[in-house]
Each structure stands twice: as C-alpha cells, then as structure tokens.
1. Given the options 160, 53, 109, name the one that is under 19 Å from residue 7 (Cα atoms), at pLDDT 85 or above, open to solvent by 20 Å² or more (accessible area, probe 1.4 Å) and in contact with a Lys or Arg (Cβ under 8 Å, 6 or more places away or on another chain).
2. Read through the list (1) in a helix (DSSP H, G or I); (2) modelled with pLDDT of 85 or more; (3) touching a Cys at 6+ places or on another chain (Cβ under 8 Å), then give the number of the only condition that residue 36 fails.
3. Is it fair to say residue 158 is closer than 20 Å to residue 143 by Cα and touching a residue at least 24 places away in the same chain (Cβ under 8 Å)?
4. Go through region 112-124 and give me each residue that's modelled with pLDDT of 65 or more, closer than 26 Å to residue 217 by Cα and open to solvent by less than 40 Å² (accessible area, probe 1.4 Å).
5. Output the residues belonging to region 229-268 that are among the small types (Gly, Ala, Ser), farther than 19 Å from residue 197 by Cα and part of a strand (DSSP E or B).
6. Could you count how many residues in region 203-220 are under 17 Å from residue 153 (Cα atoms) and surrounded by fewer than 19 Cβ atoms within 10 Å (Cβ to Cβ)?
7. Looking at region 50-65, I want the residues that are touching a residue at least 12 places away in the same chain (Cβ under 8 Å) and have a partner that is assigned to a helix (DSSP H, G or I) and polar (S, T, N, Q) with Cβ atoms under 8 Å, at least 6 apart or on another chain. Which pairs are those?
8. Could you say whether any residue in region 161-179 is closer than 28 Å to residue 20 by Cα, among the β-branched types (Val, Ile, Thr) and not in a helix (DSSP H, G or I)?
Amino acid sequence: MPLFMDQHDTEGASPEDLARAHVADLQVQADHGVKFLTYWLDYQGGSANCLVDAPDPAAVNRAHAAAHGQLAGRIVPVDESEVLAFLGRVGDPPGVIVEPATRTIVFTDMVDSTAQLDEFGDVAGMETLREHNRIVRRILGNHRGREVKNTGDGFLLSFDSTSDAVRFAIELQGALSEYSHQHPERQIHVRIGMNAGEPVSEEGDLFGLAVNVAARLCGHARAGEILASAAVAGLTMGKGFDFTDAGVVSLKGLKNPLPTFRLQLSLPAPSPHEG
C-alpha cells in the first residue's frame with residue numbers, strides 16, 4: 001500500500017494526549033485496512049504527524065474518526081526513500097519501515113554501589129557490579145532493547161516497543177530480587193525510570209527532553225521501584241500492566257510538575273496479538 005503522512009493541529013495537547021491518541025489509532029487500524037507506522041511532534045510548527053501505510057487518504061481519517069475523532073487536516077503521499085532519509089537511514093533498502101521516531105527510554109541505577117565498594121573493597125565490589133551488568137544485558141536481550149550506554153553503575157536503554165520496555169523493567173527487578181535473596185551478603189538493588197518520547201540521536205547516544213525526564217524519574221525512584229511517566233502508562237493501556245498513581249512531582253529542569261506512575265512488579269500473560 002502507499003505511504004501517507006498526515007498532519008494534526010496539536011494546540012493545547014500534551015505529549016501524553018498524543019501518545020494516547022496513537023495507542024487508540026493502533027487499536028482500530030486493522031478494522032480500516034491501515035497501519036500506523038510511527039508518529040512525531042513538530043514542536044515549532046505546533047503539529048503532530050503520523051506516517052501511515054494506507055490504501056488512500058480517506059481510510060486514514062476513517063481510522064482517526066473511529067479511534068478518537070481527531071481528524072488530520074492534511075494528508076499527503078510520501079516517497080519511502082524520502083522517509084528513510086528523514087529517519088536518518090540513508091542508504092537503507094526500500095521495505096517495511098519499522099524504526100519509530102518515538103522510543104521508550106529506560107534508565108537504571110544501581111543503589112549504593114559506592115557504599116558497596118567501600119564495604120567490600122574494590123575487587124568484590126567490582127565483581128558485584130559486573131554481575132549486575134550481566135543480569136541487565138541478559139534480560140535486555142529478551143525484550144528487544146538496545147543498550148545506548150553504560151553509566152558506570154547503571155544503563156541508558158532504548159526500546160521501540162513500550163510494552164517490551166515495561167516487561168524488561170519488571171523482569172529485571174524480579175531477577176535482581178531473586179539474586180539478592182540467594183546472595184544476602186552481596187545484594188543488588190536498582191531503581192528504574194521510564195519515559196516515552198522523541199529523543200535526538202547523535203553518534204549512537206540519545207539526548208533531549210524525553211531522555212532527561214526518564215533520568216529524573218530514575219533519580220526520584222526508590223530502590224526496587226519502577227517509576228514511569230504518563231506517556232508510558234498511556235502507551236501500554238489495555239496490555240495488562242498495573243500502574244498506580246505515584247503523585248505529581250517537580251523534577252529538576254522541568255517547568256511544570258509531572259504526573260508519575262508506579263509500575264507493580266507482576267507480568268501479565270502475553271497477548272496472542274503481541275509481537
């Protein structure tokens with residue numbers, strides 16, 4: 001099917017509102033013969049754009065109408081090679097575009113790692129840190145995540161799928177809890193912060209507000225806790241994950257207080273439709 005890019009006026013809409021609208025689009029796309037590949041925000045232009053695989057422009061707005069009623073003001077056909085260039089994939093062969101502009105960012109931080117070095121000494125402390133790294137990387141591989149960088153006693157991670165990111169976080173806390181139970185003399189506890197948005201990618205690293213919010217949430221979390229933004233909670237609606245309201249917090253560098261959600265540590269059964 002042809003590719004189309006549509007444009008919505010986003011005046012008065014928050015990133016969380018747009019994330020929820022995109023989730024609603026995904027839930028009805030099959031009914032209208034379209035596939036929403038990704039979306040991104042044009043902050044300066046005050047608009048949101050969707051990249052859609054559809055038979056015609058009318059099908060795109062029929063899906064939007066059924067999902068949330070927010071119709072696109074403009075829908076134009078686009079060339080796949082131009083889209084690949086826009087996404088920074090110049091030279092990639094034509095085919096299905098699977099790399100989203102929006103990603104879920106996860107920060108992990110090992111609690112009291114410096115104190116462990118002081119208590120156990122450098123050799124034993126470093127071995128605990130290496131074991132922590134092995135566990136994180138093993139579980140990351142189970143959930144299609146990408147290691148952006150190791151921060152010394154934690155990680156910056158990126159996921160195309162928000163559900164994969166949430167499952168990773170839950171499984172990691174469970175694995176570390178089991179490890180700590182088996183090794184009471186050398187326990188490993190981490191805190192995790194999660195956010196979804198559009199980071200800026202440069203030389204393999206990620207930057208921007210979406211990344212900063214995830215880092216701030218990680219710093220605000222307690223040991224063994226997973227704190228998520230409203231965007232993450234919204235993008236995983238209907239997936240069986242248990243989020244509870246963790247209150248509105250003021251985070252350094254953010255003008256407005258941010259609603260936060262605590263993720264409960266239990267994995268739902270996988271949906272038969274989840275890839």
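1. Going through 160, 53, 109 in turn, just one is under 19 Å from residue 7 (Cα atoms), at pLDDT 85 or above, open to solvent by 20 Å² or more (accessible area, probe 1.4 Å) and in contact with a Lys or Arg (Cβ under 8 Å, 6 or more places away or on another chain): 53.
2. Residue 36 satisfies all of (1) in a helix (DSSP H, G or I); (2) modelled with pLDDT of 85 or more; (3) touching a Cys at 6+ places or on another chain (Cβ under 8 Å) except (1).
3. yes
4. Matches in region 112-124: 113 only.
5. If the condition is that a residue be among the small types (Gly, Ala, Ser), farther than 19 Å from residue 197 by Cα and part of a strand (DSSP E or B), then 246, 247 are the ones that fit.
6. Looking only at that region, the number is 2.
7. Correct list of pairs: 63/29.
8. No, region 161-179 contains no residue that is closer than 28 Å to residue 20 by Cα, among the β-branched types (Val, Ile, Thr) and not in a helix (DSSP H, G or I).
The values are calculated or read from the model by the stated rules, or taken from the named source; none is laboratory data. Since the model is a prediction, treat every value here as computed from it, not as a measurement. Glycine also receives a Cβ, built like all others from the backbone with ideal geometry; neighbour counts cover every protein chain displayed. The area values use the complete protein model at the heavy-atom level, side chains included, leaving out ligands, DNA and RNA. Shrake-Rupley method; radii C 1.70, N 1.55, O 1.52, S 1.80 Å.
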